[in-house]
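Each reported figure results from applying straightforward, stated rules to the coordinates on display, with no laboratory input. What you see is a predicted model, and the numbers here were worked out from it, not measured in a lab. We place every Cβ from the backbone using ideal geometry, glycine too, and count neighbours over all the protein chains shown.
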Amino acid sequence: MSDQLLIQAQQRRNARMQTIYRPLILAALALLVLVAGRLVSESLPSWIAVQTVLSLSMFLSVVAFGQGLVMLTGGLDLSVPGVIALSASIVAVWVSFMDGNLFVGVLLALGVSLLFGIVNGVLVSVLKAPAFIVTLAMGAVLEGFSLF
């Protein structure tokens, strides 16, 4: 009986250590890749390259955070790429072809995105349509709008 308890305690301790050390191991591997890249090429992990990657990945981080919140509630939103494409198209058209202000273009894109998010929410929660189908179809429609 005591051997079984010792084994279970050791397994719990190992699992706890894995959750503690896993991020550290990944960070060490990333650092190792950066050092190896620096040895191979002088310009690979320069500060400007790291800064560029970090600034470009912030957008993806915000989108992933939002999608993670949706998934935490048990939902699934497949319209996110369509919303992103339409928002980018709205801002680009507003600023480039209509000589509009960037701030107004971003607000316009946020408003349109909010509108389509509300439409998705009403279709899923009020009309009880399957979220998978609604968001997949809305994503396809929004991708089409962004190409128009």
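Of note:
- When LEU76 is tested against (1) closer than 30 Å to GLY111 by Cβ; (2) out of contact with any helix residue (DSSP H, G or I) (no Cβ under 6 Å at 6 or more places or on another chain); (3) not polar (S, T, N, Q), exactly one condition is not met: (2).
- Count - residues of the range 96-122 that are in a helix (DSSP H, G or I) and without any contact (Cβ under 8 Å) to a residue 12 or more places away in the chain: 11
- Per the conditions (1) under 13 Å from the mean Cα position of the chain (by Cα); (2) free of Cβ contacts under 8 Å to residues at least 40 places away in the same chain, the sole criterion not satisfied by VAL80 is (2).
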